[in-house]
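Single-structure report; data block below.
Quick note: the coordinates plus some simple rules give every number you see, no bench work behind them. All figures in this text were calculated on a predicted structure; none of them were measured in a lab. Cβ atoms come from the backbone with ideal geometry, glycine included; neighbour counts cover every protein chain shown.
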């Protein structure tokens, strides 16, 4: 099992002078403008062995059903393709987990300046450690990605998000013939992962995000609202 070095024991709130291109594990989230479900829908595969059609999941579905998954439309596929390109381009970054949801994207990214201290994803973390999971997930910081545009450090989290948003916006707007339309909210959320338990919790949260869509705070029809 890979060890979580002391370099990851950073405060979760943005620190003055913190170098967001430095070695650390970052949990980042960015959302679609007005939380519009632009990238597809969460569906339930009714019966894999029959000819039954996929149906969009509703809030009464069992959230831990393994047949529940995210069904990306053309726009969502553009987002997924850009993530795959980012993985290829950013050789010193490890994309441990990510998910494209109907109206937001989660990523768990490690910036690594050498090859010695890679943190592996373990999905065997406790599923009922809800309190720790919520603390890890919601103890984040919100940044305005556009206001940081003139101050972005190369190969930093803010630089990556700015480029990613710009490329995806251009491709989606070209596809739907809507030049200049806003796709993303101005801000984004980030959390510097403090320890290995937090890493496991967040990795599990991202992996299970489609199954938990019914209670997701970004879901316009969330049962928790």
Worksheet item: In what order do 174, 80 fall by count of nearby beta-carbon atoms within 10 Å, going from fewest to most?
Response: 174, 80
Fill in: Residues 29, 166, 223, sorted so that the one with the fewest Cβ neighbours within 10 Å comes first
223, 166, 29
Worksheet item: Sorting 170, 165 on the 10 Å Cβ count, fewest up front, what's the list?
Response: 170, 165
